[in-house]
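Only the coordinates and a few stated rules stand behind these numbers; no lab work does. Values in this document were obtained by computation on a predicted structure and should not be read as measured data. Here Cβ is always computed from backbone atoms with ideal geometry, including for glycine, and neighbour counts include all displayed protein chains.
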Amino acid sequence: MDIESIYKKANAYLEGHFLLSSGNHSRYYLQSAKVLENPRVAGELAVELAKQIKLAGIQADCVCAPALGGILAGYELARALNIRSIFTERVDGVMTLRRGFEVKKDEKFIICEDIITTGGSALESAKAIAQMGGKIVAFAALANRGFCARVNSGKKAKPNCQLPYDIPFFALADFEFEIFSPDNCPMCKFGSVAVKPGSRGN
Ligand code: ZN
């Protein structure tokens, strides 16, 4: 499955000058919402991800996604695995399980995101589930930004990866974009101003 061309075809592989949530700048940005606006494509991606997870012998009872970005990917993954799907959301900055969603003791969870960058939100979601007695058996994402090591890629995790090393992480592809600190950004040097993805119609 050629994930890069799927993102490009959906106009989800953006080129410009982007301000990332980390405060750094990048020339490229993956807008997964544009890929997932097509339910058929979303379903196909999730089936592929589910295939990898099943092949690795991982069994889970439920998928949990950090809102907002992970919800569609998590829901489709749960459909492909024929298991439950829930999500956590931030309340006053803290990732929380709301809406009557339940976690049984030792219930097995896959934490699913659209994109894993350093894995911060996924880890917060995992902690919320673990605190309620759930067991995290895998992390999953449609795409990996190259900081964390996914199963079958052969690449090593970088020091800023926040996912635990002893839990497998599945993703369909690696996208390693160069990231610049604002005072070292070549686009800023040309006088361009970084924009927050999603804020100007992108
Ligand atoms: Zn810049």
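Build a GNM of the chain with springs between Cα atoms under 10 Å: which of D61, D183, D174 gets the top mean-square fluctuation?
Its mean-square fluctuation being the largest, the pick is D183.
Name the most mobile residue of S32, S153, S22, meaning the one with the largest mean-square fluctuation, in a Gaussian network model of the chain with Cα contacts below 10 Å.
Looking only at S32, S153, S22, the largest GNM fluctuation is found for S22.
Helix 71-81 versus the longest principal axis of the chain: what is the Cα-based angle in degrees, 0 to 90, to the nearest 10?
So the inclination is approximately 40 degrees.
Under 4.7 Å Cβ to Cβ, no partner at all: give me those cysteines from the chain, in residue order.
C62, C64, C112
Looking at region 149-202, which chymotrypsin sites (Phe, Trp or Tyr not before Pro) are in a loop (DSSP not H, G, I, E or B) and have at most 10 other Cβ atoms within 10 Å?
Loop-located and lightly packed - Y165, F190.
Taking the Cα centre of each part, how many Å lie between region 71-86 and region 132-202?
That distance is 21 Å.
Relative contact order for region 39-176: what is it in percent, counting Cα pairs under 8 Å that are at least 6 residues apart?
This gives 23 percent for region 39-176.
Within region 52-175, how many Lys pairs that are eight or more residues apart, or on different chains, come under 29 Å at the alpha-carbon?
Pairs that pass both the separation and distance tests number 24.
Would you please state the base-10 log of I(q)/I(0) at q = 0.13, 0.14, 0.19 1/Å for region 1-108, with intensities from the Debye formula using one equal scatterer on every alpha carbon?
Taken in order of the listed q values, log10 I(q)/I(0) reads -0.61, -0.70, -1.09.
Using a 10 angstrom cutoff on alpha carbons, build the Gaussian network for the chain and name the most mobile of R99, R90, R145.
In the Gaussian network model the winner is R99.
Taking the Cα atoms of the chain alone, what are Rg (to one decimal) and Dmax (as a whole number) in Å?
16.8, 55
Can you list the GluC sites (Glu not before Pro) in region 70-139 that are in a DSSP coil and have 14 or fewer other beta carbons within 10 angstrom?
E102
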